1. State the number of residues belonging to the range 79-98 that are at pLDDT 95 or above and under 17 Å from the mean Cα position of the chain (by Cα).
2. Name every residue in the range 116-139 that is modelled with pLDDT under 95 and either in contact with an Asp or Glu (Cβ under 8 Å, 6 or more places away or on another chain) or within 20 Å of residue 24 (Cβ to Cβ) (or both), in order of residue number.
3. Scan the range 15-31 for residues that are outside any strand (DSSP E or B) and buried (at least 18 other Cβ atoms within 10 Å of the Cβ) and jot them down.
4. Given the criterion aliphatic (A, V, I, L, M) and either farther than 15 Å from residue 123 by Cα or touching a Leu at 6+ places or on another chain (Cβ under 6 Å) (or both), identify the matching residue among 33, 50, 54.
5. Can you tell me how many residues in the range 93-123 are within 23 Å of residue 33 (Cα to Cα) and surrounded by 15 or more Cβ atoms within 10 Å (Cβ to Cβ)?
6. What are the pairs, 6+ residues apart or on separate chains, where a residue within the range 51-64 that is among the aliphatic types (A, V, I, L, M) has its Cβ under 7 Å from a residue that is surrounded by fewer than 17 Cβ atoms within 10 Å (Cβ to Cβ)?
Amino acid sequence: MPSAMPADILARRRELMLSGDADGFADLFAPDAVMEFAFHGPPGTPVRVAGREAIREYSRRVMASPLRLEEYEVTELYRAQDPEVVVVEMPARATFATTSQSFTAMSIQVLRIRDSQIVLLRDFADPRGFEELSAVMGVES
């Protein structure tokens, strides 16, 4: 079976995240994959999550939280010289279910995709969106 193109994997990732399918999301990752959050994220976000099963547990916690992802779109997709690496620009909008307040965060992500699996996801989210989320949640960021 031919390898999926990065755009196909990113589209599937979007679908799984919007539907709240943590297991399907985790299954997009290689067994030894790594997620890194360079500028951190919502309160309690680890800086690094290593391994598919750790990504699965992290994703389950995030998707079970009161934070509801409503919009999540890849607006730009750039290919690097390394054929395994892509860079994406993505705005995301989420609502905090307990207050119905929304916030938007812009993110640039660098992904390494090998054999149709994500082996590295490095997220560079605009920290201002998380400051807004912290204010909504009533916690200090």
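1. Going through the range 79-98 one residue at a time, the tally reaches 5.
2. 123, 134
3. 16, 17, 22, 25, 26, 28, listed by residue number.
4. Details: 33 fails: either farther than 15 Å from residue 123 by Cα or touching a Leu at 6+ places or on another chain (Cβ under 6 Å) (or both); 50 fails: either farther than 15 Å from residue 123 by Cα or touching a Leu at 6+ places or on another chain (Cβ under 6 Å) (or both).
Answer to the selection: 54.
5. Final tally of qualifying residues: 15.
6. From the range 51-64, the pairs are 63/20.
The values are calculated or read from the model by the stated rules, or taken from the named source; none is laboratory data. This is a predicted model, so every value here is computed, not measured. Because the Cβ atoms are built from the backbone with ideal geometry, glycine has one as well, and the counts that use them run over all protein chains shown.
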